[in-house]
Amino acid sequence: MLPDGSVAPLALSPLRLADDARPLRFDDRVVAVDGVPVASAAEVRAAVERAEPGTRLRYTVRRVGAGDLDVTIPTTTFTAGDYVELFLPLLLGGLVGIALGLVPVLARPDLTTTRLFFLGQLGLAVNFGFLASDAYLVHHLPRWGFLATGLAIGSFLHLAMIMPEVRRPMRTHPHATLAVIYGAALVQTVLLGLRSPIAIAGLGCLIAAGIALLTANYAIAAWRAADPSQRKEARVVLASLLALVAAGTLFVASNLGWITLALPVAVYLVPLWACAALLTYAILELNLFDLGGVVRRGLTAGILAVGAVGLYVALFLALERLVDVTTAWAVAGLVAAVVVTVLLTVAPVRRAVEDAIERTLFPGHRAARELIYAASRELARLREVSDLGRFLRESAAPGVAASSMRLVWGARDGPVAEVAPDGPSAALVLAATDPLTPLLARAAPVRFESRTAGSHAAATRSAAERAHDLGVHLVAPLPPSATHVGGFLLGARTDGRPYTREDERLLETLAAQTSIALDNARAWEEVRQLEQRLAAENLYLREEMQQAHDGTGIVGNSPGLRAVLAQTERVAPTDATILVQGETGTGKELVVHALHLASQRSERALVKIGCAALPEQLLESELFGHERGAFTGAVGRKPGRFEVADGGTIFFDDVDTLPLGVQAKLLRALQEGEVQRLGSNEVHRVDVRVISATNRDLLAEVRAGRFREDLYYRLNVVPLRIPPRRERVEDSPPLVEHFIRQDGPRLGPSVHAVSAETLQALRAYSWPGNIRELRNVVQRALVLSHDDVLRLPGPLEPEATTPSNGSCSRVPLADQVRELKVRLIRRALAESGGNQRVAAEALGLHRQSLTRMLRDLGLQDRPARPRSS
């Protein structure tokens, strides 16, 4: 009986009732007992309690639309067995509902769907399990039942709009839709609390609307979902919803008197909980979750449930001394349910409880997880691939209790090498044919428990034997990319236990972060190389701009110069290798700049190598670059001049001064188009145009053994000879005017003319220093000029003449020293009969020094013949 005296749904009860009670219907209201008017269920209960068992009481019942009628029912004693028979199924059903609601919220507490499902199940469970007995017997807590009903209705309607997919109008107008849903639930709660005549009808309408929405949503998904598995899942849930509709229809029909049928409570509850179970399956199937997290949260919930039961028992024992048993039962259950709800749904409280339980029961797992998470955060900070591998080996391996952890990485179709090994001897390289290499391209880790088998079908016998030889117990691949593969190779656990699925999941998470970090490191390396190259190009561009600012252009109109310029114009657009020859000071570098500016590579840098200005020890590093640690002082990686000039032009000035050892490596770079940094095994392809310049006769250097013949023919594809100043006598006036315009403003007073005596002297002089000497003379005259006419401050130095006896020559000192060395060494070898040890002693040299000098001077293959006596 409900609090207002209305008859409760008798079809819920399998109790044996008197035949006279059968005509009673749902919503019949008792208005008198034995002729005594009553106004509520409490007064009916008081009248019944005054009668003796077996007494037949006459109940006057008022039925809507039919007036009053009398029903005589014998009075019986309500025993504990009756209580269990009527309310125990409801209590068990409520507990099942709470359990079903807890599973998804424990699996994914961050999802709105799981929280709504839990709140809906909680509202049903509170009404069924704890408040049903109070509502039907003592009527002390009906309004709490109304609040739980409103909570269940609002959550159920909200859930119906978003499962399995968000539908209109929730998708288009979410805020307005939620306002309508929860506003209707609030209105229904108020109507129930006020015992409005339309409250039951409104409740039925809302329940019917929720079931209809949910059924329609799953019906659409059952035939229109893109994924076949989702369609199959939707059809299963749809079948359970239809069974629930059938059970609800049967329940309503039997209680409204449309049919005469009294079934056990379980008949009505089983479809409800079956549908709830299938909805739980749908929630979890569509949203994957961490089983370990569910176990931990489930244990948390279990501990909380035990605490809630203890709280419930304590409250029940305390309250039964103050109120009747039914009220104590309901109040204690309600308080326990509220406490569990707060602990599980209020995020700060739930996290605090879970953290406390995890620190106590799972300290090892917590430490491992925190270490892996810390490693994932650190991976985003590292920029060097070597630092990345070292950090994983030293910091991440203890997180999974691994005795060793190797990170291997490489091209998909090439060998896979270990990143940052402990030492050069410990570096691991897996060839493309290695049995472990295919495992790195798979998506799942592979465990090796024995020498003959692994935990995956891909772990063949050869792979297991190879893993055993390397001491590898677990292979965890990185997510493969289109170009690279890699993974972790872990040794045995330090605690002696085998690796578990939970270890694999942690490593999969770490592998995904490592893959991103490797891509970032590669990108960072490319950016850094581009920055270094840009800095180098800027340096060369600044030099070119400074040279352009100085105004050292090609000036003159002599036939020899016109021929050079015409040839330059023809060969500049091509990629032909050019050898520029000419005496010192003739302007070879100006011609090289003109060639580059007129070429198709003018947008890239012109990189100059002053071969005579760099020692042999640094020349190779400058040309080809070096890695960090390649030699003493190599503190960082540096690209070579070839890499900087990639796509542009490289200019070898004084190419004749290159040492023979560097000449051999330069020849290989020119032939193959590849360079290799010092200290690196990686080969870089380059596309450069080569221009060389020399003030010597390279062919004579080849005959003398000081220049490689094959390199000479490689460089001398298109020769350009720059005429000396003495062959360009008619270019004197324009050259002088050019230097006056260039240097006059900064060196002296304004000069507007050149004296005839000065021009005559300039034409008559032989200019051994060529254009450079002419510029120096003009600058000196500008500094010492007193008016606006340029005059020479003194006579030009005459050209040095060579005496007839040949005691003095204009051969450079270095060439004379070289020739003297050749003569002395040949004489010593001849006197020693070709014995290099004896010859070295005669010259006061070590044997190794003599051998090196023979190689540098090109005398190794030319042993001297003994002198005849």
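Close amide H partners of Arg493, meaning residues 5 or more places away or on another chain with modelled amide H under 5 Å apart, are Ser403.
Taking label points 7 Å from Cα along the Cα-to-Cβ direction, Glu682 and Glu531 give a separation of 1.7 nm.
Rounded, prolate or oblate: which fits the stretch 632-777, taking a ≥ b ≥ c as square roots of the Cα gyration tensor eigenvalues, rounded meaning a/c under 1.5, else prolate when a/b beats b/c? It is prolate, given that a/c is not under 1.5 and a/b is the larger ratio. Shown is the FRET efficiency for Asp355 and Arg505, computed with R0 = 22 Å from the Cβ-Cβ distance and rounded to the nearest 0.05: 0.60.
Once the Cβ-Cβ distance of Ala46 and Leu194 is raised to the sixth power relative to R0 = 30 Å, the FRET efficiency obtained is 0.80.
Highest mean packing comes first when the peptides 736-744, 570-578 are listed by Cβ atoms within 10 Å, giving 736-744, 570-578. Less than 15 Å Cβ to Cβ from Val38, Lys/Arg counted +1 and Asp/Glu -1: what total charge do the surrounding residues give? Taking every other residue near Val38 into account, the sum is -2. List the residues of the stretch 190-220 whose backbone N lies under 18 Å from a point placed 7 Å from the Cα of Thr249 along the Cα-to-Cβ direction. Output list for this probe position: 204-217, 219.
Of all lysines in the structure, the ones whose alpha carbon falls short of 19 Å from that of Lys638, not counting any fewer than 8 places away in one chain, are Lys608, Lys665. Computed over the stretch 160-223, relative contact order equals 52 percent, with contacts defined as Cα pairs under 8 Å that lie 6+ residues apart. Relative to the current alpha-carbon distance between Thr341 and Thr632, full extension at 0.36 nm per residue lengthens the span by 97.9 nm. Applying 1/(1 + (r/R0)^6) with R0 = 45 Å to the Cβ-Cβ distance of Val325 and Leu186 gives a FRET efficiency near 0.85. Between Trp524 and Ala239, 0.36 nm times their residue separation minus their Cα-Cα distance comes to what? Roughly 97.0 nm would be gained on extension.
In a fully extended conformation the segment linking Asp70 and Glu709 would gain 216.9 nm over its present Cα-Cα distance, using 0.36 nm per residue. Approximating the spin labels as points 7 Å out from Cα along Cα→Cβ, the Ala427-to-Phe78 distance works out to 8.6 nm.
Every read-out reported here was derived from the displayed coordinates using simple, explicitly stated rules and does not represent laboratory data. Small disclaimer: the values here were computed from a predicted structure and weren't measured. Reconstructed Cβ throughout: ideal geometry from the backbone, glycine too, with neighbour counts over all protein chains shown.
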